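See below for the structure under consideration.
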Amino acid sequence: MNGILKPHISLNVSNLEASVAFYARFFHTLPLKRRPGYAKFDLHEPALNLALVEAPPTGVNVNHFGVQVASSKEVETARQRLEQIGLLDLVETGTTCCFAKQDKVWAVDPDGNRWEIFTVLEDAEVMRGEAFACCVGSAPSTCDTPTACVTETATTGSCGCGPNPPRR
């Protein structure tokens, strides 16, 4: 991963407006992207891609972690490496997530923390596809809104958007 751009942290926040106000003051900058239930700070110093996802309080504030890289080629290199060492959990190519079209691969640490290696291909107007694909256990369902998906996640711990992309 020679072209690492910056680390990525996605946090679940119970009050998006209060959190945006806090981080705007803390980092002395406004978010780069705002959407319903979502804000993204793209910081140069410190180099950090910080996403805030509005979700009901559950006591779990980390949504996921990641490393942003410069190209799909680097995502593919990461996929091959993670697969060789037995850590590859999920591959998403051309997926729409966090209001951006992305290529990404996922790994999960021993405590269940999800890590993605990703590149942004282009901006998108939706959080994750046209409908929010959620999972309850292993049975997929559809949520009509990000709030419904996040609410389902809070009660089931599993969802295709928001806090916990489905493991495959």
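Only one entry in Gly137, Gly129 is at pLDDT 50 or above and loosely packed, with under 15 Cβ neighbours inside 10 Å, namely Gly129. Within the option set Ser19, Ser72, being of a type in the set (S, T, N, Q) and touching a residue at least 40 places away in the same chain (Cβ under 8 Å) holds for one residue only, Ser72.
For region 62-95, a residue qualifies if it is part of a helix (DSSP H, G or I) and of a type in the set (S, T, N, Q), and the qualifying residues are Ser72, Thr77, Gln80, Gln84. Just checking, does region 110-119 include any residue being without any contact (Cβ under 8 Å) to a residue 60 or more places away in the chain, part of a strand (DSSP E or B), surrounded by 15 or more Cβ atoms within 10 Å (Cβ to Cβ) and hydrophobic (A, V, I, L, M, F, W, C)? Scanning region 110-119 turns up at least one residue that is without any contact (Cβ under 8 Å) to a residue 60 or more places away in the chain, part of a strand (DSSP E or B), surrounded by 15 or more Cβ atoms within 10 Å (Cβ to Cβ) and hydrophobic (A, V, I, L, M, F, W, C). Screening Val69, Val91 for residues that are aliphatic (A, V, I, L, M) and crowded, with 19+ Cβ neighbours inside 10 Å leaves exactly one candidate, Val69. Scanning region 28-41 for residues that are touching a strand residue (DSSP E or B) at 6+ places or on another chain (Cβ under 6 Å) and either free of Cβ contacts under 8 Å to residues at least 60 places away in the same chain or farther than 17 Å from Cys98 by Cα (or both) yields Pro31, Leu32, Ala39, Lys40, Phe41.
When Lys104, Lys40 are screened for being surrounded by 15 or more Cβ atoms within 10 Å (Cβ to Cβ), touching a helix residue (DSSP H, G or I) at 6+ places or on another chain (Cβ under 9 Å), on the phi < 0 side of the Ramachandran plot and among the basic types (Lys, Arg), only Lys104 passes. Selection of region 35-61 for residues being over 11 Å from the mean Cα position of the chain (by Cα), part of a strand (DSSP E or B) and not aromatic (Phe, Trp, Tyr) yields Arg35, Ala39, Asp42, Leu43, His44, Ala47, Leu48, Glu54.
The values are calculated or read from the model by the stated rules, or taken from the named source; none is laboratory data. These numbers were taken from a predicted model, which means no experiment stands behind them. As a convention, Cβ positions derive from the backbone with ideal geometry for all residues, glycine included, and neighbour counts pool all protein chains shown.
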